[in-house]
Amino acid sequence: MDYHDMLARLGEGSAHPGGFLATLKLLDSLSLPVGSHILEIGCGTGRTACYLAKSGYQVTAIDLHRNMLDKAVRRARQERVDVRFIQADVAALPFPENHFDVVFVESVTIFTPWRSALAEYRRVLKPAGLLVDREMVLSGSKTELMSRRLKQFYGIRTLATATAWRKRLKQCGFTKVEVKEHSRSMGKWGVDHDPHREMDMNWFEDERMQRMSLTNDRLLAKYGKKLGYAVFAARAPLEVKKEK
Ligand SMILES: C[S@@+](CC[C@H](N)C(=O)[O-])C[C@H]1O[C@@H](n2cnc3c(N)ncnc32)[C@H](O)[C@@H]1O
């Protein structure tokens, strides 16, 4: 069982820094045109995807994890919203080029090979389409041991400062790269009530889950002060990419 299996079993609806309330605030500030076609990357149990659909957007959402997606599908059914959920890897998105108005990501890119992920976000965005990505960033100095432990437990593949992420986005061809939010702490999540949260029964009796929960607390106590988060907004270039 890995970290994402644990989140899926817990049915966590907003597993990212700042939680769902931060997402609501962010979406409010973005004022995305109603009817926009949004791709949510790494949608987890679908809370944001369903909220976006309810708000009048056309939503497609992908995640690699089957248990997450099954819960997302049931959530959409309960909320009576229409979201197209697809099991897929960010490194090989099953969509044509120039397809979406917005790519929305919260706490996913750090778990992936970032160059492939950013290249895929860019490929599927329409010219001048908007990428919004909230990721954990480094706010203090990292040690090799810290990177190794975070990689081992959370599966984090890249730990970089907000400045380094800005450079990465530019390197990958994004324009108008902005840091919309930057916090030197991780913020809280899981504090607001999620009426459609679906927790697997008896997880608390599972010793592996208990051990993982303890390790999570220990790692956050040890390294939390060196971690923060940032929200990046960037535009795909204006020229139309040609289908291969
Ligand atoms: C920390 S959770 C965040 C989920 C959701 N965005 C949220 O804020 O609640 C990270 C999510 O990314 C998904 N994920 C990780 N690597 C992925 C990949 N390579 N392709 C697609 N999804 C991935 C995980 O399955 C998990 O649902």
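The values are calculated or read from the model by the stated rules, or taken from the named source; none is laboratory data. Owing to the predicted nature of the structure, the values given are computational and were not obtained by experimental measurement. Cβ atoms come from the backbone with ideal geometry, glycine included; neighbour counts cover every protein chain shown. Heavy atoms of the whole protein, side chains included, go into the accessibility calculation; ligands, DNA and RNA do not. Shrake-Rupley method; radii C 1.70, N 1.55, O 1.52, S 1.80 Å.
Tabulated data for the structure shown
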{"quantity": "Interchain or long-range residues, amide H under 5 Å from A128's placed H", "calculated": "A236, L238"}
{"quantity": "Accessible area of the chain divided out per residue, in Å², using a probe of 1.4 angstrom", "calculated": "49 Å²"}
{"quantity": "Residues with amide H under 5 Å from that of A61, placed H, sequence gap 5 or more", "calculated": "E40, R84, F85, I86"}
{"quantity": "Whole-percent carbon and sulfur share, accessible surface of the chain, 1.4 Å", "calculated": "51 percent"}
{"quantity": "Efficiency of FRET between R157 and F204 - r from beta-carbon atoms, R0 25 angstrom, step 0.05", "calculated": "0.25"}
{"quantity": "Amide H contacts under 5 Å for S139, placed H, 5+ residues apart", "calculated": "L227, G228"}
{"quantity": "The chain: antiparallel DSSP beta bridges as a percent of all, rounded to 5", "calculated": "45 percent"}
{"quantity": "Karplus-derived HN-Hα couplings along the stretch 31-48 (A = 6.51, B = -1.76, C = 1.60, θ = phi - 60°), whole Hz, x at Gly and Pro", "calculated": "6, 5, x, 4, x, 4, 8, 10, 9, 8, 9, x, 6, x, 8, x, 5, 5"}
{"quantity": "Paramagnetic reach from K170 in the stretch 204-236 [backbone N under 18 Å; point 7 Å along Cα→Cβ]", "calculated": "231-236"}
{"quantity": "Radius of gyration and maximum dimension Dmax of the chain, Cα, Å", "calculated": "17.4, 55"}
{"quantity": "Calculated FRET value between L145 and V191, using beta carbons and R₀ = 41 Å, to 0.05", "calculated": "0.85"}
{"quantity": "J(HN,Hα) series, the stretch 149-156, from Karplus relation 6.51 cos²θ - 1.76 cosθ + 1.60, nearest Hz, glycine and proline x", "calculated": "5, 5, 5, 4, 7, 8, x, 6"}
{"quantity": "S55 paired with R84, simple spin-label distance in nm, labels 7 Å along Cα-to-beta-carbon", "calculated": "2.1 nm"}
{"quantity": "Dipole magnitude (debye, nearest 20) for the chain, charges at Cβ of Lys, Arg, Asp, Glu", "calculated": "900 debye"}
{"quantity": "³J(HN,Hα) computed for each position of the stretch 59-68 - Karplus, 6.51 cos²θ - 1.76 cosθ + 1.60, integer Hz, glycine/proline x", "calculated": "10, 10, 9, 10, 7, 7, 8, 5, 5, 4"}
{"quantity": "Restraint check, K25/K176; K167/K225; K54/K225, Cα-Cα greater than 27 Å", "calculated": "K54/K225"}
